[in-house]
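See below for the structure under consideration.
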Amino acid sequence: ALGRRRREQLWHRAFGHRIPRPRGDAAGAEVALRLGSDAPGSRMLDNGLRLLGKLLAEQGRVPPTIYAVHLSARGLDLWIHPPEQDAPEPWESHDGGRTWRLLAHEGRGIDEHALADAPAPYPGLVSLGVTESGRVLIDLEAAHGVIAIAGHRVRDALAALAVELATNRWSDQMRVTLVGFGNDLATIAPHRVRVVGSLAEALPELEARAEEMTASGTQVLTGRVHGRAADPVWPPHFLLSAIGPDADEAVRLARLGRAGTRMAAGYVIAGDVPHPTWTWEITEEGKARVEALGVTVAAQLLPRRHYDAVVELFRTAERREGEPVREDEESREFTTSPSINVRVLGPIEIGPVPPLEEGRAELACELVVYLATHPAGVHPVVLGGILWPRGVQAVVRDATIARVAEWLGTDSEGRPNLRTDDTGRLRLGPEVRSDWQLFRELVRRSHNDPSARAVLLDKALGLVRGPLLNGRPRGRYAWLAADELEYEVAASVADAAHRLCEVRLAHGDAEAAVAAVRAGLLLAADDEGLWRDLLRAAHATGDPLKLRAVVDGLHRRSSSHPYGGGMAPETESLIDELLPTWRLHSMPSA
């Protein structure tokens, strides 16, 4: 969800500016999100369920009732009642049909593009919490009635539930009505979230919808899997209330669950509710327990401070005014032949250095990358908090620093390539050079030398080999969330490519302008301004096939982008101007 917002920010990024970055608690929230996120698991859950629905629809079968899911590094387990033996491949049936399992290697191999129009069959799955082996989710729709949430820290549990429903990727169109929450949560997902002040205000719509569904006789799961993601049959509507019902409201809530069948709806109410279908209890120790399902886990909670930080994170991603790109004012002198090169504008490369033993290289590289991109240095204690955000003993931190210092060795004058200065800060030596430092210096010189501008910008862009720190290990580099590096690099590379494109076009060299933009897109692939530059440069070549190839590539990319959102309106307008027939021949959404 945050990625979608940032992509939309890039639609409006002005030349010479970067998109606003989070600060304070909001930046800390993003660090925590990066540390705790499970993007591969979320993708497997989403793709695995959509594939399951598609396979069952092709076989003319009714999807089973899934009351809970266990997501782990080993794969995805669906807990089914009543049991059903015949699971469609690559799913496997276990425990007499009580569990359907998708192994992780099968889940990772699913073709996501082939499922682009496959609907989400179980949009009501929400995280109850975690165990030592993985995450447990329950299906709100499977309760067929009211779920009471009681015990300790009920609001924190409801807040976590609300944020997940508002942002998950395994739902298509849905509505979430919140009672007893502030309007701030609507900031995260205005297309999904509605905030009302009381249950009395929320219930009429839910009651009318339940009557309509009952009268239609539609089987929700069967209807869903035969539908389309863009136009789901009975999109779900979930009610989360931090306010308990009065006597009349309790009766009305009970009536909503009387049908005893799946109603594309779920109701989670705080406090004691008469005759709930399930009771979701939060213990004083932070456990979440649903006795009806026999499940107890460490509860997923979102305390108020963290909730506020997440909301502020999304507010920052709503801002359109950019921040000026910071550029060095003074020239930097680089050694002719550095002892060590640190390459970050693409896959991480550090060399020449001897190989490190397995298990130590990732941390050592991250330490060097941080210092290379923060040449002012950093105190070891601060560095410890950056590289070990969950905490580290001083002896482990100091041993790691000493190991990296030995690994980097000395420069041509015998000076350590990793040293401690007079203020106690760790710094890399003058003969350790990063491609990012060299890129900035080449761009700075291009501003002051119009005659050599094209050559200098071309050299700068020649340093770009792919996305920043491409292939970095999962769970590491979380500090990037609270740092300006990602924002600064993406904007600077895009601006350099834009400048070089303009210079090349001014000199009538459209092919070189195309090459300049493509070099920038290697790193700043989501910068919509660069795509518009590429369209203009391709049009300037006079080759309609080249322009058509760019339009088709852009359309294909926007249709299958993991963050969604399509193309910026300005980009579509430019295509309409340069290639008026593109909509007639555009590829279907992949």
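FYI, it's all coordinate maths here, none of it is from the lab. Model, not experiment: these values are computed from the prediction. All Cβ positions, glycine included, derive from the backbone under ideal geometry; neighbour counts span all protein chains shown.
What to note about this one:
- For GLY75, nonlocal amide neighbours, meaning residues 5 or more places apart or on other chains whose placed amide H falls under 5 Å from its own, are ALA104.
- Shown in residue order for segment 461-470 are the 3J(HN,Hα) couplings computed by the Karplus curve 6.51 cos²θ - 1.76 cosθ + 1.60 at θ = phi - 60°: 5, x, 7, 7, 10, x, x, 3, 6, 4 Hz (x for Gly and Pro).
- Extension gain, GLU362 back to GLU502 (0.36 nm per residue minus Cα-Cα distance, nm): 46.4 nm
- Each residue of segment 146-157 is assigned a 3J(HN,Hα), and the resulting list reads 7, 9, 8, 10, 9, x, 9, 6, 4, 5, 5, 5 Hz, derived from the Karplus form 6.51 cos²θ - 1.76 cosθ + 1.60 (θ = phi - 60°), x at Gly and Pro.
- Dipole magnitude (debye, nearest 20) for the chain, charges at Cβ of Lys, Arg, Asp, Glu: 240 debye
- Here the 3J(HN,Hα) profile of segment 265-272, calculated from phi with Karplus coefficients 6.51, -1.76 and 1.60 at θ = phi - 60°, is 7, x, 9, 10, 10, 6, x, 7 Hz, Gly and Pro shown as x.
- Spatially, segment 349-383 and segment 422-497 are offset by 16 Å when compared through their Cα centroids.
- Between the amide H of THR410 and those of ASN417, distances stay under 5 Å, these residues lying 5 or more places away or on another chain, with hydrogens modeled in the peptide plane.
- Protection-proxy order for peptides 284-297, 181-194, 488-501, each taking the mean of Cβ atoms within 10 Å per residue, highest first: 488-501, 181-194, 284-297
- Think of the chain as a dipole: +1 on every Lys or Arg Cβ, -1 on every Asp or Glu Cβ, centred on the Cα centre; then among GLY151, ILE348, PRO123, ILE348 lies furthest on the positive end.
- Rounded to the nearest 500, the helix-only mean residue ellipticity at 222 nm of the chain stands at -13000 deg cm²/dmol, with each DSSP H run of n ≥ 4 adding -39,500 (n - 2.57).
- With both residues required to sit in the chain, DSSP beta bridges show an antiparallel share near 60%.
- Computed log10 I(q)/I(0) for the chain at 0.06, 0.07, 0.11, 0.12 Å⁻¹: -0.39, -0.52, -1.15, -1.27, from the Debye equation with unit scatterers placed on every C-alpha and solvent omitted.
- Relative contact order %, segment 325-467, counting alpha carbon pairs below 8 Å whose residues are six or more apart: 33 percent
- Placing +1 on the Cβ of every Lys and Arg and -1 on the Cβ of every Asp and Glu, with nothing else charged, gives segment 24-315 a dipole about its Cα centre of roughly 160 debye.
- Charge dipole (the chain, unit charges on Cβ, about Cα centre) - positive-most of PRO544, VAL176, PRO245: PRO544
- Segments 317-325, 390-398 sorted - mean Cβ within 10 Å per residue, highest first: 317-325, 390-398
- Estimated dipole of segment 368-446 in Debye, rounded to 20 [Cβ of Lys and Arg +1, of Asp and Glu -1, Cα centre]: 280 debye
- The packing ranking, built from the mean of other Cβ atoms within 10 Å per residue, places the peptides 87-96, 304-313, 352-361 in the order 304-313, 87-96, 352-361, highest first.
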